[in-house]
1. Kindly provide the set of residues from segment 168-197 that are in a helix (DSSP H, G or I), more than 27 Å from residue 215 (Cβ to Cβ) and of a type outside the set (Gly, Ala, Ser), ordered by number.
2. If only one of 271, 281, 249 is surrounded by fewer than 11 Cβ atoms within 10 Å (Cβ to Cβ) and in contact with a helix residue (DSSP H, G or I) (Cβ under 9 Å, 6 or more places away or on another chain), which one is it?
3. Take the residues in segment 125-135 that are closer than 20 Å to residue 244 by Cβ and among the hydrophobic types (A, V, I, L, M, F, W, C), then tell me which one is surrounded by the most Cβ atoms within 10 Å (Cβ to Cβ).
4. Can you run down the residue pairs with Cβ atoms below 9 Å, 6 or more apart or on separate chains, where the first is in segment 182-194 and under 20 Å from residue 152 (Cβ atoms) and the partner is among the small types (Gly, Ala, Ser) and surrounded by fewer than 17 Cβ atoms within 10 Å (Cβ to Cβ)?
5. Kindly establish whether residue 279 is closer than 16 Å to residue 129 by Cβ and among the hydrophobic types (A, V, I, L, M, F, W, C).
6. Quick check on segment 212-228. Is at least one of its residues within 18 Å of the chain's Cα centre (by Cα) and either more than 30 Å from residue 161 (Cα to Cα) or not in a helix (DSSP H, G or I) (or both)?
7. Among residues belonging to segment 48-62 that are touching an Asp or Glu at 6+ places or on another chain (Cβ under 9 Å) and not aliphatic (A, V, I, L, M), point out the one that is farthest from residue 142 (Cα to Cα).
8. Tally time: how many residues in segment 72-94 are touching a helix residue (DSSP H, G or I) at 6+ places or on another chain (Cβ under 7 Å) and over 13 Å from residue 136 (Cα atoms)?
Amino acid sequence: MAGNAGDFIVRYYFTVYLESDPVSQNSAPPPVLTHEQEGIATFTLNRPDARNPLSRAMMGALQLALDEAAEKPSTRVIIIAAKGPVFSAGHDLKEMTAFRSDGDHGLARYREIFTQCSHLMQTIVRHPRPVIAQVQGTATAAGCQLVASCDLALASSEARFATPGVNIGLFCSTPMVALSRAVPRKFAMEMLLTGQPISADQAERIGLINRVAAPGKLEAETRALAQLVARKPAATLKMGKVAFQHQLELGLTNAYDYVGEVMVQNMLHAEAVEGICAFIEKRSPNWPKS
């Protein structure tokens, strides 16, 4: 873990948008930009001026984009990217602090926000399409949670990751759920208990991300991975992702019982029929339209 760099991350990334002026609601750009090409949908966090905080508006826009993608047969893979030097600094603390003036000191609003965030992260985990994080910069707190929730993640060599809530008296409890399921528990606990940032290379070593790319090559490498996945049979990808996530929640015996039935149903699917025949006949498969 890094030394004093963690203190810098906390002072800078947790306070920068607390001290900034809010963007006018009338002139604000869309919080998430959406683009789809060749079956790859890219959702780009678009509040670089505020370090792409997971505000209610940002989470709502990302949730809508994910929900719509789940219903589009043309969408094969999803990339979550971000503009600016920061991937996401986590929850919008300025927005949340304003609710302390409510009669209940923000109790109801805080429950709404964390419920909204939990639903968003579970949507990513349970989404029928593979979701890839393209991390160009720092991802802290709920921003790190977003990365950990994705199926795959590529990061720039300049990226850093942290769960620094402990340093401001707000333990990263909800990011802990995703982090502890993505990396070995002792690495997760060190990040959570110390709040110190880790480099992209460290994040790769502990399994938080899949690989590190040079800053100028991150987008191309992420798209190349997305294209590789997108070429696989769609129904098989969906079946496999759902099974992977569900079996993690089961005991060993129940997991084998469950995935055994998944394999049975997969064998009967038209994609498996074509794929196996093509393999035996030594030809390229002609995948059926999904």
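The values are calculated or read from the model by the stated rules, or taken from the named source; none is laboratory data. Since the model is a prediction, treat every value here as computed from it, not as a measurement. Virtual Cβ from ideal backbone geometry, glycine too; neighbours counted across all protein chains shown.
1. 168, 174, 176, 177, 181, 185, 186, 189, 192, 193
2. Details: 271 fails: surrounded by fewer than 11 Cβ atoms within 10 Å (Cβ to Cβ); 281 fails: in contact with a helix residue (DSSP H, G or I) (Cβ under 9 Å, 6 or more places away or on another chain).
It is 249.
3. Step one: of segment 125-135, the residues closer than 20 Å to residue 244 by Cβ are 125-133.
Within this subset, residues satisfying the condition of being among the hydrophobic types (A, V, I, L, M, F, W, C) are 125, 131-133.
Details: 125: 18, 131: 24, 132: 24, 133: 28.
Ranking the qualifying residues of segment 125-135, first place goes to 133.
4. Matching pairs, first to second residue: 182/207; 183/207; 184/207; 187/207; 188/180.
5. Values: closer than 16 Å to residue 129 by Cβ: no; among the hydrophobic types (A, V, I, L, M, F, W, C): yes.
The answer is no for residue 279.
6. Yes - at least one qualifying residue is present in segment 212-228.
7. 56
8. Matching residues across segment 72-94 total 6.
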